[in-house]
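This report concerns only the one structure given below.
The values are calculated or read from the model by the stated rules, or taken from the named source; none is laboratory data. Since the structure is predicted, the reported quantities are computational estimates derived from the model, not experimental observations. Here the Cβ is made from the backbone with ideal geometry for all residues, glycine too, and neighbour counts use every protein chain on show. Note: areas computed on protein heavy atoms with side chains; ligands, DNA, RNA excluded. Shrake-Rupley method; radii C 1.70, N 1.55, O 1.52, S 1.80 Å.
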Amino acid sequence: MRKHPFTRAVAVVALVSLIASCVPTRLPPISASGATFKPKRDERRLWERAREEERKLLKEVQVYQDPLLVDYLDGVVGRLNSEGMAANPELGYRLTVIEEPTLNAFAYPHGSIYVHTGLLARMQNEDQLATVLAHEMTHVENRHTVRYQRSARNKQIGFGIAAIAAAVVIAGEQGEAIERGDYSRAARIGVLSDVLVGLGLHLAILAAVNGYGRDLEREADEGAFAKLHAAGYDLRQAPAVYRTLLADSGDR
């Protein structure tokens with residue numbers, strides 16, 4: 001049956017509207033623009049939201065107060081940092097250590113990186129530590145949070161929904177640990193997770209627990225390897241980090 005011209009016009013308008021409503025998720029790294037980088041409007045809003053979350057988080061967690069350790073970690077970050085990121089005036093990396101026994105680290109999109117003492121205790125040398133930090137730095141440099149947000153928006157999935165799903169995963173893992181009689185692991189899963197879920201810190205939940213999806217996590221790994229190589233770290237130490245994390249988290 002031949003379509004009426006008006007029907008075709010409506011279809012074209014609908015298609016154009018759909019395309020216009022979808023925002024691009026492929027964004028160049030911050031380092032590509034160097035000193036001229038300016039965040040997009042939705043990206044700047046995301047940074048402000050991250051800063052609000054960070055203020056709430058810092059009121060609830062125990063920060064590990066050791067200036068010498070922080071200086072050392074800042075030195076590793078500086079060694080890994082690219083020239084383009086270092087030249088950018090819009091954001092810089094700021095590292096905080098949390099007294100938390102779980103093996104975790106996460107980064108907010110505006111450059112704040114949080115590392116748990118439990119993870120630091122399991123790293124055997126600086127090369128392994130650098131692997132973790134380089135991964136988190138790549139999340140920031142490659143703008144994974146805003147790219148994830150845009151992808152979720154295009155799919156009509158909000159951050160809140162994704163965070164609720166992550167909370168369900170956390171509860172399931174805690175329950176499984178209790179069933180196995182691994183009460184220490186259940187306790188480790190519960191403490192910080194309860195804080196993140198209770199305060200509604202969606203960005204932290206996604207970064208620390210859920211991750212940004214297989215593709216962006218793989219990109220963070222690849223970016224980390226490039227940083228490690230450029231900084232002169234031993235890439236042969238990286239597999240030991242992943243084995244440690246896998247042994248601790250299992251399928252997660």
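Worth a mention:
Conditions tested, residue by residue: (1) surrounded by fewer than 22 Cβ atoms within 10 Å (Cβ to Cβ); (2) outside any loop (DSSP other than H, G, I, E, B); (3) of a type in the set (A, V, I, L, M, F, W, C); (4) in contact with a helix residue (DSSP H, G or I) (Cβ under 7 Å, 6 or more places away or on another chain).
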| residue | (1), (2), (3), (4) |
| --- | --- |
| PRO109 | no, no, no, yes |
| ALA121 | yes, yes, yes, no |
| THR145 | no, yes, no, yes |
| GLN149 | no, yes, no, yes |
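- THR96 vs. criteria outside any loop (DSSP other than H, G, I, E, B), over 22 Å from LEU68 (Cβ atoms) and modelled with pLDDT of 90 or more: no
- Test for LEU133: is it open to solvent by 10 Å² or more (accessible area, probe 1.4 Å), within 17 Å of LEU73 (Cβ to Cβ) and of a type in the set (A, V, I, L, M): no
- In region 59-103, the residues that are among the basic types (Lys, Arg) and under 18 Å from GLU126 (Cβ atoms): ARG79
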